[in-house]
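Presented below is the structure to which this report refers.
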């Protein structure tokens, strides 16, 4: 998480709510065949962020994007006195939703969210410093998938730890992800956080270039819907 020193961040702080808020947050998986790892939902000061597009990923973001481990990001949120919702351990299946309750402190004026997409190498769904509205009501935000830029999108099963190539394949996906892929690529030219190109996949279950099923586990943005109720 990096400190923001830009005029844009200052403007966000000036216009954000000066009061604490009670939030009900519903996260809905909009994809056909993608699962989400545990989801981190946090309110925090606008001077901090979980990720920045166009910049290199932090070690904590890499942990989440490559292996679904949000503990590093959660610790950083705590270090700036942010408020995080209870992290649910189960994967969020295609079409399913998760609901979070979040009480925010006065200084925590923006909302952020991260979770890894499975099966991918280092893709994650992200919300970056969304200003919590001052007015009570229900608000809808559609979320994109980002590439952390920390690992080549080879689309081969394996990995799960930062710096280890390959895609983690937990039990719910075991029968959905193939084997024997030779690899879509071995390197990426963009090593900063950026909009993900999406899974490519192929139609071969035990061969081809990818272990991803191109008819099931591809996606187009947006990949998730967030409904935020401010009380």
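The values are calculated or read from the model by the stated rules, or taken from the named source; none is laboratory data. Note that this is a predicted model, so its numbers are computed, not measured. Ideal geometry is used to build each Cβ from the backbone, glycine not excepted, and the neighbour counts take in all protein chains shown.
Here are the numbers:
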item: Residue within region 207-221 that is surrounded by fewer than 18 Cβ atoms within 10 Å (Cβ to Cβ), closer than 19 Å to residue 51 by Cα, within 22 Å of the chain's Cα centre (by Cα) and at pLDDT 95 or above present; result: yes
item: Evaluation of residue 170 against (1) farther than 28 Å from residue 44 by Cβ; (2) without any contact (Cβ under 8 Å) to a residue 60 or more places away in the chain (one fails), failing number; result: (2)
item: Residue check, residue 31 in a loop (DSSP other than H, G, I, E, B), buried (at least 21 other Cβ atoms within 10 Å of the Cβ) and modelled with pLDDT of 95 or more; result: yes
item: Some residue of region 178-188 being at pLDDT 95 or above and either in contact with a helix residue (DSSP H, G or I) (Cβ under 8 Å, 6 or more places away or on another chain) or under 30 Å from residue 104 (Cα atoms) (or both); result: no
item: Region 184-203, residues that are farther than 16 Å from residue 36 by Cβ and surrounded by 16 or more Cβ atoms within 10 Å (Cβ to Cβ); result: 184, 188, 193, 201, 202
item: Tabulated pairs, region 43-56, first on the phi > 0 side of the Ramachandran plot, second modelled with pLDDT of 95 or more and in a loop (DSSP other than H, G, I, E, B), C-beta under 8 angstrom, 6+ apart or interchain; result: 54/192; 54/193
item: Count of residues meeting criterion [under 22 Å from the mean Cα position of the chain (by Cα) and touching a residue at least 12 places away in the same chain (Cβ under 8 Å)] in region 176-206; result: 16
item: Checklist (1) out of contact with any helix residue (DSSP H, G or I) (no Cβ under 8 Å at 6 or more places or on another chain); (2) modelled with pLDDT of 95 or more; (3) closer than 22 Å to residue 136 by Cβ applied to residue 17, failing item; result: (2)
item: Single residue of region 66-81 satisfying the filter (out of contact with any helix residue (DSSP H, G or I) (no Cβ under 7 Å at 6 or more places or on another chain) and part of a loop (DSSP other than H, G, I, E, B)) that is surrounded by the fewest Cβ atoms within 10 Å (Cβ to Cβ); result: 81
